[in-house]
Amino acid sequence: MRYISTRGETPAQTFQEAVLTGLAPDGGLLIPEHIPRVSEHLDAWSQLDFIGLAQEIVALFAPDIERVTLDALVRSAYESFDHPDVVGLVPVGDVHVLELFHGPTLAFKDIALQLLGRLFRHILDERGERLNIIGATSGDTGSAAIAGVRGQPNIDIFVMFPKGRVSPLQQLQMTSVPDTNVYCLEVDGSFDDCQSMLKQTFGDLEFKRRFALGAVNSVNWARVLAQVIYYAYASLRLGRERPVSFAVPTGNFGNVFAGYVARRMGLPIDRLIVATNENDILARFFASGRYRRDDVRFTVTPAMDIQVASNFERYLYFHLDRDPALLRRFMQDFAETGDAALDRAPPIADFEATAVAAEDTLRAITKTYEQHRYVADPHTAVGIAAAARVPRSGPTVCVATAHPAKFPESVDSALGAPLARHPRLEALRGLPQRLDPLAAKVDALKHYVAEHCGEAE
Ligand SMILES: *Cc1c(COP(=O)(O)O)cnc(C)c1O
């Protein structure tokens, strides 16, 4: 299994190279040369627990890591979760809620980043190399990435967040971590500033090579791969008679794209419902075929306050029959004008998309609790509200991306009572924080990294 770029101008890579590379040098995203069909395994796979299934799936995509080693990495990643089945699959009215938030930082990003951190460590150990990870976060990614690599001797991690824009609890989840390989940078600017500093730093290929920069955002293929596991798990648990539909709260399109990969592999999956908040560029695209950037709106679901979804390019590549030239043209139009269009909208069989406004999200939290005594976080509630809108037959899974205690203000206000608490988060209050201020300038970031990182060469 080799990995190629959506833009078609990067030589094929092994899995290990793809994990270290992150974004392809031609600006594209790495994807497997072909997606394996697994239909003949489904009977056997439906007997496996989450970890057993995870081991089978990861092995298919990572043939260049010895199977015993891989199995141990996968086991260790998911033993860090505090649910006996790793993920929860809870009946709530006429849907099932797939709880992906039982990892160390209480958001679904742990599923991918606990594994990615271990993959990094193994690959770097083998090669005798080190990596400096730079990330930007508006909330959940930062703490999950830190939790995945804290304390590792061959990695330093630098996480930028916009000053005053992440919730106090989310900030504490990052800044209270005592490990000395973790650097939290409070940027005097917006999340967009952080992202553009990140992009420019990675765009400086000489700097990237010299300081061995690595990426943990969802352009990294290993993140998509880890997310395929729970689509397989839930669809095999519930879909032996009729295929399962999934409603997925969506920001960067990484989560729902993993569902698309799982369906192409032959897992029993029917509809994939792309549930966005008021930042509805994807909902508009799937209705019209036109991809047009708008201003970012701040909502009660901050992890989805995204206009340009980085993983969307992977889907588009498949939709354009894997023609890198067509894809390059679309992405170039979009980069130049913030507006690109297909001849017609993609078929509804690929994705159904709907945008959920804040008031409908909060109402879904209230209703879900009143009717079923289930407390959903706002992101999860976007999916629940979307599922209720889309006609479907067969079992439906609403993907729960965060524990409600991560967003206590919105949940408390929807329920009129403090029902969203978690002891691990309560224990953070008042802990000492480690962070450094950083000007919103790419040179300030480069200078900081050069001063603090372990030597790459
Ligand atoms: C990251 C995140 C999302 C969005 O996931 P994408 O893969 O970016 O679509 C949704 N909900 C929560 C809680 C998140 O942390």
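The values are calculated or read from the model by the stated rules, or taken from the named source; none is laboratory data. Treat the numbers as computed from the prediction; the structure is a model and nothing was measured. Counting neighbours? That spans all protein chains shown, and the Cβs are built from the backbone with ideal geometry, glycine included.
Structural remarks
- Among (1) within 14 Å of the ligand (Cβ to nearest atom); (2) buried (at least 24 other Cβ atoms within 10 Å of the Cβ); (3) in a helix (DSSP H, G or I), the one test that Phe161 misses: (3)
- Residue match in region 260-281 (condition: within 11 Å of the ligand (Cβ to nearest atom) and hydrophobic (A, V, I, L, M, F, W, C)): yes
- Tally of residues being within 24 Å of Pro378 (Cα to Cα), touching a residue at least 60 places away in the same chain (Cβ under 8 Å) and not hydrophobic (A, V, I, L, M, F, W, C) across region 258-278: 5
- Counted residues, region 434-455 - those being loosely packed, with under 14 Cβ neighbours inside 10 Å and either touching a helix residue (DSSP H, G or I) at 6+ places or on another chain (Cβ under 6 Å) or in a loop (DSSP other than H, G, I, E, B) (or both): 1
- Residue count, region 22-36 (criterion: surrounded by fewer than 20 Cβ atoms within 10 Å (Cβ to Cβ) and among the β-branched types (Val, Ile, Thr)): 1
- Some residue of region 178-193 being buried (at least 21 other Cβ atoms within 10 Å of the Cβ), within 16 Å of the ligand (Cβ to nearest atom) and in a loop (DSSP other than H, G, I, E, B): no
- Of the residues making up region 115-142, just one is crowded, with 24+ Cβ neighbours inside 10 Å and acidic (Asp, Glu), namely Asp140.
- Restricting region 83-95 to residues that are farther than 18 Å from Val228 by Cβ and in contact (Cβ under 8 Å) with a residue 12 or more places away in the chain, the residue that is surrounded by the fewest Cβ atoms within 10 Å (Cβ to Cβ): Asp94
- Strands (runs of 3 or more DSSP E) wholly inside region 34-139 that include at least 1 residues being out of contact with any strand residue (DSSP E or B) (no Cβ under 7 Å at 6 or more places or on another chain): 88-92
- Residue among Ala414, Ala405, Ala387, Ala420 that is under 30 Å from Tyr315 (Cα atoms) and either among the aliphatic types (A, V, I, L, M) or in a loop (DSSP other than H, G, I, E, B) (or both): Ala387
- For region 377-395, residues that are at negative phi and away from the ligand (no atom under 16 Å from the Cβ) total 7.
- Test: residue in region 114-135 that is at pLDDT 95 or above, in contact with a Lys or Arg (Cβ under 9 Å, 6 or more places away or on another chain) and either of a type in the set (Phe, Trp, Tyr) or within 16 Å of the ligand (Cβ to nearest atom) (or both): yes
- Unique residue being on the phi > 0 side of the Ramachandran plot and either among the acidic types (Asp, Glu) or within 14 Å of the ligand (Cβ to nearest atom) (or both) when the list is Phe246, Phe312, Phe253, Phe257: Phe253
- Of all residues in region 361-384, those satisfying the criterion of being among the aliphatic types (A, V, I, L, M) and in a loop (DSSP other than H, G, I, E, B) are Val375, Ala376.
- If you check Arg363, Arg344, Arg329, Arg297 for being surrounded by fewer than 17 Cβ atoms within 10 Å (Cβ to Cβ) and within 16 Å of the ligand (Cβ to nearest atom), only one passes: Arg297.
- Within region 394-413, residues that are under 14 Å from Ala303 (Cβ atoms) and of a type in the set (Gly, Ala, Ser) reach partners that are within 12 Å of the ligand (Cβ to nearest atom) and in a helix (DSSP H, G or I) with beta carbons closer than 6 Å, at six or more positions or on different chains, in the pairs Ala400/Thr380; Ala402/His379; Ser410/Pro378.
- Residue match in region 353-360 (condition: in a helix (DSSP H, G or I) and away from the ligand (no atom under 15 Å from the Cβ)): yes
- Going through (1) within 16 Å of the ligand (Cβ to nearest atom); (2) surrounded by fewer than 24 Cβ atoms within 10 Å (Cβ to Cβ); (3) under 20 Å from the mean Cα position of the chain (by Cα) one by one, Phe318 falls short only on (1).
- Given (1) surrounded by fewer than 20 Cβ atoms within 10 Å (Cβ to Cβ); (2) modelled with pLDDT of 95 or more, number of the condition Ala145 does not satisfy: (1)
- All of (1) closer than 30 Å to Arg329 by Cβ; (2) more than 18 Å from the chain's Cα centre (by Cα) hold for Ile31 with one exception: (2).
- Val224 passes every criterion in (1) among the β-branched types (Val, Ile, Thr); (2) crowded, with 18+ Cβ neighbours inside 10 Å; (3) farther than 19 Å from Val38 by Cβ apart from (3).
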